[in-house]
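Every number in this text was worked out from the coordinates using simple rules, so none of it is lab data. Treat the numbers as computed from the prediction; the structure is a model and nothing was measured. Cβ: placed from backbone, ideal geometry, glycine included. Neighbour counts: every protein chain shown.
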Amino acid sequence: MKTSLLAWLLVRDSMQAATRGICLTACLTAGVVAQQAGPGLTWSGALGGFAGSFQPTCTSLPANAIRGDNIDLRVWGDTGALFVLAQAGSTMPCLPIPGIGNGLILAPPAVVVAAGLLTQLTPCLACPPGYESLLFAVPTFLPPGLTISFQAASFGNHSLALTTAITATVQ
């Protein structure tokens, strides 16, 4: 009887320890996963709304470019990381590039419109920690229906990747 009671106590204690270990691992992993976003690209217009993603995917998100609207286009990634932002008149099917996460979505010819370092910081845990904000106004002379696509490259979670693209249609 004493042996079976001792065995039961040992099993119970080891199950409690395993349960605590699993819970601790889950809690720590949840925090790490929340901080693994990036690089990302977001579009925010005062009149045209928001589009963007912190998780690189081979898609192009739609955005409205209202003529005369002020746009805040942000490239997100690791703090202090280099970034390049390019634009093109259209997108193409995702083209994977060996050694770089995600894939190229901008159709040729693509033009680099900005480059630099991600120097601004955010306390958001679900966002990449660094970003750079690029402000511009949508010219009033652009014809309605014209599209322009943006995509960036930077480091997110210490890995080089291309962002999701954003394709804005002039309204």
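Some observations on this one:
- Pairwise Cα inverse-distance average, inverted: Kirkwood Rh of the range 56-96 (Å): 13.3
- Shown in residue order for the range 92-109 are the 3J(HN,Hα) couplings computed by the Karplus curve 6.51 cos²θ - 1.76 cosθ + 1.60 at θ = phi - 60°: 9, x, 4, 10, x, 10, x, x, 10, x, 6, x, 6, 10, 5, 7, x, x Hz (x for Gly and Pro).
- Applying 0.36 nm per residue to the separation of A46 and F136 and subtracting their alpha-carbon distance, the gain on full extension is 31.2 nm.
- Radius 12 Å from Cβ of A114, net charge of other residues (Lys, Arg +1; Asp, Glu -1): 0
- The simple spin-label model puts a point 7 Å past each Cα toward its Cβ; for Q55 and A115 those points are separated by 3.1 nm.
- Anisotropy class of the range 40-170 from Cα gyration tensor, a/c 1.5 cut: oblate
- Projected label distance in nm at T79 and T122, using a 7 Å step from Cα toward the beta-carbon: 1.5
- 18 Å tail of the calculated P(r), the range 84-144, as % of Cα pairs: 59
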